[in-house]
Structure formats: C-alpha cells, structure tokens
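For reference, the structure is listed below as structure tokens.
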Amino acid sequence: MENSALHSQGSLSSISTLNQQLDPFNNAGSTSSSSEFVNRGLLLWNQTRQQWVGNKKTQNRKQVREPTISWNASYESLLGNNKPFARPVPLAEMVDFLVDVWEQEGLYD
C-alpha cells in the first residue's frame, strides 16, 4: 500500500512540475498569489494538439488533385476484388462515386 502511495505522490509531483511549466501566469516556477483560475489541463491539451496537427497556417491553401477514381471506373473494377487502392481515396470522392453508381442502378432515388 505504501509503495502505491509513493508512486501516486511521484506522479502528482511530475504533474505539478509540468503544470508550472505550462502556466503562462507562473513566473519561472515561482508561486503566484493570484487567485485567477488557470485551466492547466486545457493548456496541456492545446499544446499536445498543436504538436499533432502542426502549423495549419502554412497548409491552408488547398491543393487541386487529380481524382483518385477514374471517370470511367465501374463498381466491379473498383470494389469487385480485395486489392488495395494505389493511393488513399478521399471520402468525398468515394461517396460521389457510389451515389453515381446507385443512381444509375436505380438504388438511390
């Protein structure tokens, strides 16, 4: 039981250290007498999210890409086997393809 308590205490101290690093109102780790609430979990989440998604400002321009699915592709040629596609097919493109096929077959009214 004591070992578990020590492990928990160690985790809490590492979280506390991390929170001090993330707190923009905390000057170099010193304790602040300010009673303003700082959501340290939100700060950590935003920092982690920024690492995941990267800097989107430089990626805002959409690149025009050639369609992955050929204009004359058939349902059988695309989905009639288990071979993977040469490159990922964007969801919107696959949905458009399936709706077109279903409309031609009278399945989508």
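The values are calculated or read from the model by the stated rules, or taken from the named source; none is laboratory data. As the structure is a prediction and not an experimental result, all values here were calculated from the model. Using ideal geometry, Cβ is built from the backbone for each residue, glycine included, and neighbour counts are taken over all protein chains shown. Protein only, heavy atoms only, side chains kept; ligands, DNA and RNA dropped before computing areas. Shrake-Rupley method; radii C 1.70, N 1.55, O 1.52, S 1.80 Å.
For V53, the conditions (1) at pLDDT 90 or above; (2) hydrophobic (A, V, I, L, M, F, W, C); (3) under 18 Å from the mean Cα position of the chain (by Cα); (4) loosely packed, with under 10 Cβ neighbours inside 10 Å all hold with the exception of (1). Of everything in segment 58-97 that's open to solvent by less than 60 Å² (accessible area, probe 1.4 Å) and in a helix (DSSP H, G or I), which residue is modelled with the lowest pLDDT? For segment 58-97, the residue satisfying everything is L78.
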